[in-house]
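The structure appears below as structure tokens.
The values are calculated or read from the model by the stated rules, or taken from the named source; none is laboratory data. This structure is a prediction, so every number in the text was calculated from the model and none was measured. Ideal geometry is used to build each Cβ from the backbone, glycine not excepted, and the neighbour counts take in all protein chains shown.
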Amino acid sequence: MTESEARSQPASIIDRYRRGFVCTSVLLFLTAHSMCSGQSTQSVSDPYPITRATPFSRIGISAWSAGGTGVADAGLPGAPFANPATLRLQGPSVYIEAGKKFSTTWILDLDYDGQFFIPAYISIGTLIGTLSLEGGYANTYNERFSSTIPVTTEQFPDGTGQFIDFEEATNVHAFYGSLGFFPSDHLSLGMTAGVNYIRTHESLGQVSGTGSGTGIFFNLGVLVQPLPVISLGATFKYSLTIDYSLRYDGLNLLQSDSTRGNYYRVDASFPYRATFPWIAEVGAKWDLSANIGILASVEYQKWSLIGDYFQDRFNVHMGTAYELSPTFSLRLGFFTQYDPSKSTGAYTDQDFLTAGIQWTATDGVIISAGILDSHLFGKSPSQSYFWNTNNTFHQTYISAGVGYDF
């Protein structure tokens, strides 16, 4: 979208996609309101849609090192979120994973990502007969924007030369329980259920807003093995919409009231809404030999339920797993991440290459590490998106995990 096209769009579109400037917009709106009252107190009724594709976490580094093909790959950490039917524990076990997203540039030249996740994922599980049981925590969605905003006054409308910091962060923390039931060597069924806790925090100078909410989610899965070298998996994932409000409070340093000799005070509440797409995925694993496996899956994401400015998307996942020795394996992969936004998709669509290793250090101790990166598949859009000076958007994520089987 060009600058002229963006300026001609309805305000609702700009509000929906100019992420990171919600707090700024609040301040500017409340400043105008406070000209008459001397104080800013306001609330609105239309929830702000917070959800997008880029912040979703990649839980289970072994599966994502092979392109996110865990839907048909049994026995890997992160199975409750890839496909709970692939949860195959050998006994009591624990696992912990941490990760980092490197900084990149979002629309409007906002700094994006640049986050550590410690922990990103924790699980404790055991095997009871033909039931694999697991519970734990996962950071399933995380987004961070940051920037600096010039300070303006009535005397210096073009800026005083001072700047204040802006930051917005949204995280979803999932607390879950999962079970995998394998009545035979050829069939597994699974279910994961839990609670999503979402928290959003914004700050701009001395103005800050915080809000949170909760909602349930569940994942259903099946895994079949029609042939000794072929595994087929399918999963369905659903999360309830979460409505919550951000309460803003503080002094607006962007504008001041010279007649009173002070800054306007902001006191406002704004509704937010986190609507997650339901996701259906099918995949397969083909064991070419005792130490080489080929994996692939197709994922359908139902985004259009959020609103007219979102479209449903398909994503493709491909990968391979190669056991170099009984204690060391290598995983490589590829996957697409297509943005459902009709306005910004051409800017934020990405193709990722993935790689990772798994090492059995001692009896029962397994160490994993991996990287997901979209820089190799560069793109140079011919148009400028919302006055952005950098027309390339790429993400890089690294993670490591350690598990112990008792």
Restricting to the stretch 291-310, what's the tally of residues that are touching a residue at least 24 places away in the same chain (Cβ under 8 Å), aliphatic (A, V, I, L, M), farther than 19 Å from Thr241 by Cα and out of contact with any Ser or Thr (no Cβ under 6 Å at 6 or more places or on another chain)?
2
Of everything in the stretch 155-185, what is of a type outside the set (Ser, Thr, Tyr) and within 22 Å of Phe81 (Cα to Cα)? Give them in sequence order.
Asn171, Val172, His173, Ala174, Phe175, Gly177, Leu179, Gly180, Phe181, Phe182, Pro183, Asp185
Would you mind finding the one in Gly209, Gly180, Gly194, Gly190 that is at pLDDT below 90, in contact with a helix residue (DSSP H, G or I) (Cβ under 9 Å, 6 or more places away or on another chain) and surrounded by 14 or more Cβ atoms within 10 Å (Cβ to Cβ)?
Gly209
In the stretch 364-392, anything within 22 Å of the chain's Cα centre (by Cα), at pLDDT 85 or above and not hydroxyl-bearing (Ser, Thr, Tyr) is listed as Ala369, Gly370, Ile371, Leu372, Asp373, His375, Leu376
Identify the single condition in (1) among the hydrophobic types (A, V, I, L, M, F, W, C); (2) within 23 Å of the chain's Cα centre (by Cα); (3) surrounded by fewer than 16 Cβ atoms within 10 Å (Cβ to Cβ) that Ile230 does not satisfy, given that it satisfies every other one.
(2)
Here are some residues: Thr200, Thr192. Which one is polar (S, T, N, Q) and in contact with a Gly (Cβ under 6 Å, 6 or more places away or on another chain)?
Thr200
Out of all the residues in the stretch 109-143, which are closer than 13 Å to Phe56 by Cα, in contact with an Asp or Glu (Cβ under 9 Å, 6 or more places away or on another chain) and not polar (S, T, N, Q)?
Asp113, Phe117, Ala120, Ala138, Glu143
Kindly establish whether Glu168 is at pLDDT below 95, surrounded by 16 or more Cβ atoms within 10 Å (Cβ to Cβ) and out of contact with any Leu (no Cβ under 8 Å at 6 or more places or on another chain).
yes
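Report, by residue number, each residue of the stretch 290-317 that is within 30 Å of Ala274 (Cβ to Cβ), among the aliphatic types (A, V, I, L, M) and either surrounded by 19 or more Cβ atoms within 10 Å (Cβ to Cβ) or over 21 Å from the mean Cα position of the chain (by Cα) (or both).
Taking the stretch 290-317 first, the residues within 30 Å of Ala274 (Cβ to Cβ) are 297-317.
Those still in the list that are among the aliphatic types (A, V, I, L, M) too: 298, 305-306, 316.
Correct list: Ile306 only.
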Among the residues of the stretch 119-129, is any closer than 28 Å to Ser203 by Cβ, surrounded by fewer than 18 Cβ atoms within 10 Å (Cβ to Cβ) and touching a Phe, Trp or Tyr at 6+ places or on another chain (Cβ under 9 Å)?
yes
Taking the stretch 315-339 as the region of interest, how many residues are more than 24 Å from Gly233 (Cβ to Cβ) and either in contact (Cβ under 8 Å) with a residue 24 or more places away in the chain or touching a Pro at 6+ places or on another chain (Cβ under 7 Å) (or both)?
5
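One line per residue, one yes/no per condition, for (1) surrounded by fewer than 17 Cβ atoms within 10 Å (Cβ to Cβ); (2) of a type in the set (Ser, Thr, Tyr); (3) closer than 16 Å to Ile294 by Cβ; (4) in contact with a helix residue (DSSP H, G or I) (Cβ under 7 Å, 6 or more places away or on another chain):
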| site | (1), (2), (3), (4) |
| --- | --- |
| Thr327 | yes, yes, no, no |
| Leu330 | yes, no, yes, no |
| Phe334 | no, no, yes, no |
| Gln337 | no, no, no, no |
| Ser341 | no, yes, no, yes |
| Asp349 | no, no, no, no |
| Phe352 | no, no, no, no |
| Gln358 | no, no, no, yes |
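Just for strands (runs of 3 or more DSSP E) wholly inside the stretch 247-356: which have at least 2 residues that are more than 23 Å from Ala53 (Cβ to Cβ) and at pLDDT 95 or above?
Here the list reads 278-287, 292-302, 313-325, 328-337.
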What is the one condition in (1) modelled with pLDDT of 95 or more; (2) closer than 20 Å to Val195 by Cβ that Phe117 does not satisfy?
(1)
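Which of the residues that make up the stretch 155-213 are of a type in the set (S, T, N, Q) and farther than 21 Å from Ser103 by Cα?
Going through the stretch 155-213, the residues of a type in the set (S, T, N, Q) turn out to be 155, 160, 162, 170-171, 178, 184, 188, 192, 196, 200, 203, 206, 208, 210, 212.
Residues satisfying the conditions are Gln155, Thr160, Gln162, Ser178, Ser184, Ser188, Thr192, Asn196, Gln206, Ser208, Thr210, Ser212.
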Hits in the stretch 76-92 - residues which are over 22 Å from the mean Cα position of the chain (by Cα) and of a type in the set (A, V, I, L, M)
Ala85, Leu87, Leu89
